[in-house]
Amino acid sequence: MNFLRRVLVVLALAVAVTSCGQAPDPRPSVVLILVDQLRADAAERWMPATRALAERGVRFEEMRAVAPWTYPSVTSLFSGLYPQQHGADADQQGKRLTTISGDVPLLPRTLQAAGYHTAAFVTNPFFHEWNHPFAGSFDKFDASFIGDQGPTRGHGDKVWTKRMYSDSVNAAVRAYFDGRALGAAEFVYVHYIDVHGRKESAERWRDAPFEPSYEAATRYVDGKIAELYALFRARYGDKLLFLVTSDHGQDLDDDLELGEGQPWRQRKASLHDFNLRIPLWILPSSLVQEPRVITQPCANIDVAATLLDWLGLPPPLGPGQSLCGAIRGAPYDGRTRALYARNSTGGRLEEGVVHAQQKLLRYHDPVGGAVLARHLFDLAADPRETQLLRADTSAMEALLQATAEARGGSFPANFEKLDFELEQRLRDLGYAGEDAVPEPAEPQAERK
């Protein structure tokens, strides 16, 4: 009997030692949900489930993207760099994407180096496997929901599939994590495309599991975000940072016609706030000490800096600023910051800066670089940017220039040369370079 008892004790100790050797990572895991083309006011109106959660967490009311379209904006989100620093862009025709340098300090690569298991589920073709610096930052990278267009842009039905929507994405996320034991802390990126949909046509949301409208798509994704929040709360307990954001907005109603109108105001091209204002919500967990609303301006370049600060890791090199202090209730005066944005594709070259509730947009000739126009707005009195201020812009221009030359350096980017076989294969599939977005008209000289 004593011998049996001794054997049982030895076995118990062996199990205990093994368990200790596989102790879960004490660091929090991070889940970042990005809803492509979700503007801030749409999230507030049509995402009641996620918004109700965010009211018990942290909400940023004046978050802006630093670019009005996906490729540069998401790269800025992950690097803390402005578009002209990281180089994620397209040519002036908007048909070909650059390939960014492998040295761009992307957040998932930083977390991967710190021992995090990184996983991404992506539905935008700009970030398919061709983009090796991005895809290679994740231990698990799944872009199987859509077609691969390589570094070219557009191609409509050849890219979008019946699996592009969040029901398929959530099923893949659940299957992957149900089959994976939790060891190291995890960073999970989920990029939904539902709200973006297809081309601007009657078939924009063909095969979608919701009614074909921007509102219906937003409401549908709201439920899918709540599903993933429940999944990851069960997986991580309260050791979780769960963020919901977007990359850029979308014109609704008369956004393109009011004020100075077109061609200045263009969807996914101009730097007006209907394109730049996006949500950022941090849902509740033990790491969010109390509900908080950040009413001061900030930008999506701040997200990487904030997460790294929260996790106790060194800050990124770029101009992004940690918002951890503001989240914990420390004073934060975002109105003294100069927040920069840029677009340099699709027949346009323009820059913008927000400071002290004023906003300056500066339009350039995309070929020669000469300034074509300067549009100044008072965001406090005119949040929809309908009335041009007739005032001296020199101080704002100085801020714009200084911000454009922000610290963090720049990284070389290049346009991949398509080999003949790949180019022919793309053409055979219908990948002739057709842009999925109507090409904006080139701005004319400044109105008097």
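Quick notes on this one:
- Burial ordering of Asp253, Asp382, fewest other beta-carbon atoms within 10 Å first: Asp253, Asp382
- With Cα atoms as the point set, segment 171-284 shows a radius of gyration and Dmax of 17.6, 56 Å.
- Modelled spin labels at Gln93 and Glu215, positioned 7 Å past Cα toward Cβ, are 4.0 nm from each other.
- At R0 = 35 Å, FRET efficiency that the Cβ-Cβ distance of Tyr176 and Glu405 yields, to 0.05: 0.25
- Percent of Cα pairs exceeding the 20 Å cut-off, where the set is segment 264-330: 39 percent
- Glu290-Leu389 FRET efficiency (beta carbon distance; Förster radius 30 Å; 0.05 resolution): 0.20
- Summing Cβ point charges (Lys, Arg +1; Asp, Glu -1) relative to the Cα centre of the chain gives a dipole of roughly 1380 debye.
- Each stretch of four or more DSSP H residues adds -39500 (n - 2.57); spread over every residue of the chain, this sum gives -8500 deg cm²/dmol at 222 nm.
- Residue among Pro108, Pro314, Pro383 with the largest mean-square fluctuation in a Gaussian network model of the chain, springs linking Cα atoms under 10 Å: Pro314
- For segment 27-339, the residue among Gln321, Val66, Ala216 whose Cα projects farthest onto the positive side of the dipole built from Cβ charges is Gln321.
- Taking the chain as a Gaussian network of alpha-carbon nodes connected by springs under 10 Å, the highest mean-square fluctuation of the residues Arg277, Arg45, Arg348 belongs to Arg45.
- Here Leu81, Leu283 are placed in order of increasing Cβ neighbour count within 10 Å, fewest first, which gives Leu283, Leu81.
- The orientation-averaged projection of the convex hull spanning the C-alpha atoms of segment 296-411 amounts to 8.9 square nanometres.
- Ranked for footprinting exposure by Cβ neighbours inside 10 Å, fewest first, Ile294, Ile225, Ile278 give Ile294, Ile225, Ile278.
- Lysine pair count for segment 27-339 [Cα-Cα under 19 Å; pairs on different chains or 8 or more apart]: 7
- Förster radius 45 Å - calculated FRET efficiency between Arg374 and Ala113 (Cβ-Cβ, nearest 0.05): 0.55
- The chain - percent relative contact order, Cα under 8 Å, separation 6 or more: 26 percent
FYI, it's all coordinate maths here, none of it is from the lab. Everything numeric in this text was worked out from a predicted model, so none of it was measured. Every residue, glycine among them, receives a Cβ derived from its backbone with ideal geometry; neighbour counts consider all protein chains shown.
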